[in-house]
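The values are calculated or read from the model by the stated rules, or taken from the named source; none is laboratory data. What you see is a predicted model; the values in this text were computed from it and never measured. Here the Cβ is made from the backbone with ideal geometry for all residues, glycine too, and neighbour counts use every protein chain on show.
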């Protein structure tokens, strides 16, 4: 009996030694990487990741295979990755909804904080505060003062409840102390068109919805929601520098793996991302989409997501958002 016990212990020890040795002998990646995008083709997350994954695949020596799995405000695709093997071959590209969906969607089959390993933040997309082209206020500070004086007669559009457009607009009127009415639309272009038609007074619009109209002088841009100015609208100040110090709220896109993925694999993917976002041709293609390359490595990205979750949860609570 003692001999059998010894042999079983020896066998277990050898298995334990064999697993790391096997892992070390298999370089990553050896096959294509499946990238789940939980939104429709052609959207901001999809378009951005198609720009980035080509060069990343070349660096890694294996292509990315993009799979759009839509529905549930992005949670159906996220669930696929949360339940995937933690081997680096199934990844998730997700925007800032990743830090808010716990507030908006009931009965999630996973936990965002527990079931994903952050790899890197890839990009940000500032929102553009647009007003009619004939708006009389010469700058944002004057606009705020005039809007306060109109006490409740100001209305503002958004791309829909819970979107970055909605949360940015709500944060703006809250910090600017403007009595106003929120009018949600079904998408960014509809929100921008509402301002163009004179149906609402302003909108924090995504860059693809706003930049062309601003450059064509059909609308005016009073400010952008990021901490720094946009490369495609260099003359437009940030909200923070124009009137409300500290204001910042942007869309962003990050890359995740299932929790439990080995750190060496996460580092390999992170390094490919870091090398990709500094390529001039990549940055130029992102700018056309209204995106700004804004890489954060794993530790900084994890802290960023934690901070974003706290910020977006507070704004959502203040705005009275409830799960559907």
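Some observations on this one:
- Of the residues making up segment 60-82, just one is part of a helix (DSSP H, G or I) and surrounded by fewer than 16 Cβ atoms within 10 Å (Cβ to Cβ), namely 76.
- Residue within segment 226-238 that is touching a strand residue (DSSP E or B) at 6+ places or on another chain (Cβ under 6 Å) and assigned to a helix (DSSP H, G or I) present: no
- Among the residues of segment 135-151, those identified as in contact (Cβ under 8 Å) with a residue 12 or more places away in the chain and not in a loop (DSSP other than H, G, I, E, B) are 140, 141, 143, 144, 147, 148.
- Against the test of being in contact (Cβ under 8 Å) with a residue 24 or more places away in the chain, at negative phi and not assigned by TED's automatic domain parsing to the domain that holds residue 106, the options 323, 262 yield a single qualifying residue, 323.
- Elements of the type strands (runs of 3 or more DSSP E) sitting completely within segment 165-224 and holding at least 3 residues that are without any contact (Cβ under 8 Å) to a residue 60 or more places away in the chain and in contact with a strand residue (DSSP E or B) (Cβ under 9 Å, 6 or more places away or on another chain): these cover 180-184.
- The set of residues from segment 83-119 being touching a residue at least 60 places away in the same chain (Cβ under 8 Å), under 19 Å from the mean Cα position of the chain (by Cα) and assigned to a loop (DSSP other than H, G, I, E, B) comprises 100, 105.
- Close pairs (7 angstrom Cβ cut-off, 6 or more residues apart or separate chains): assigned by TED's automatic domain parsing to the domain that holds residue 301 and free of Cβ contacts under 8 Å to residues at least 40 places away in the same chain in segment 267-288, buried (at least 16 other Cβ atoms within 10 Å of the Cβ) and in a helix (DSSP H, G or I) anywhere: none
- Of everything listed in (1) over 19 Å from residue 169 (Cα atoms); (2) buried (at least 16 other Cβ atoms within 10 Å of the Cβ), the single unmet condition for residue 249 is (1).
- Residue list for segment 312-324, filter: assigned to a helix (DSSP H, G or I) and surrounded by 17 or more Cβ atoms within 10 Å (Cβ to Cβ): 312, 315, 316
- Residue in segment 281-292 that is part of a strand (DSSP E or B), surrounded by 19 or more Cβ atoms within 10 Å (Cβ to Cβ), at pLDDT below 95 and in contact with a strand residue (DSSP E or B) (Cβ under 7 Å, 6 or more places away or on another chain) present: yes
- Every residue from segment 85-106 that is surrounded by 19 or more Cβ atoms within 10 Å (Cβ to Cβ) and under 26 Å from residue 62 (Cα atoms): 88, 89, 90, 91, 92, 93, 94, 95
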